[in-house]
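Structure, as structure tokens:
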Amino acid sequence: MTEHTEPGGRRPANDGPKAAGRNRAALVAAAREVFAEHGLEAPLSAIARRAGVGQGVLYRHFPDRTAAVTAVLEENVRQIEQAAEAENATFPKVLGVLTWHLAESAAFIGLLHADRAGSRSGIRTHALTLSRRVERALRKHLPPGHPLETADDLVLSVAMVSAAVTGPTHREREHRALAAWRLLGVEVGPVRAFGG
């Protein structure tokens, strides 16, 4: 990381907790991008470089790969829940936020296939909890009589769409996700991060 100095060669004042919050947000955003581009086994040093912080800062926030993946998953789910709580929320709008995360985050796709976590039982348990939170956020706005209203149809359709989300670029992955929703006959609102 490049040292930042103020005029006269002085280091800027330590922002303490403010800097920690900014660093964590930058690390989560960088982890989402790096995992999407290179998969969950991408080197953690790539996340630190992308966030513009040193390895020590990375390890203070995320002592291991599991912690970094979990942070990305938590942020994705939090955005979907926020979209569901928004004043003008509708099922298509919340589904648009979910679809953005499917196209953006390889780690999020792994969440939706939590049964594949296998030997990493802690990850599997956490992933199942997050998956249920996503389902609750979606169900909150699922209109009565919607084709996905019954039993596990909603969860199954999300898993099917997530399995179709492949490709080297966000644009290609988004295109495939929207095509999959269209084949299922499901309307999706604007595909974007919550607040984006």
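The values are calculated or read from the model by the stated rules, or taken from the named source; none is laboratory data. Since the model is a prediction, treat every value here as computed from it, not as a measurement. Neighbour counts run over all protein chains shown; Cβ positions are idealised from the backbone, glycine included. Please note that ligands, DNA and RNA were not included when accessible areas were found on the heavy atoms of the full protein model with its side chains. Shrake-Rupley method; radii C 1.70, N 1.55, O 1.52, S 1.80 Å.
Taking packing as the residue-averaged number of other Cβ atoms within 10 angstrom, the listed peptides 126-133, 47-54 run from highest to lowest as 47-54, 126-133.
Taking a sphere under 10 Å around the Cβ of Ser105 and counting the other residues whose Cβ falls inside, with K and R at +1 and D and E at -1, yields a net charge of -1.
For Lys18, the accessible surface of its heavy atoms amounts to roughly 140 Å² (probe 1.4 Å, protein chains only, rounded to the nearest 10).
When only alpha carbons are used to place a centre, the stretch 20-96 and the stretch 156-196 end up 19 Å from one another. Available extension along the chain between Arg22 and Ala151 is 42.3 nm, counting 0.36 nm per residue and deducting the alpha carbon span.
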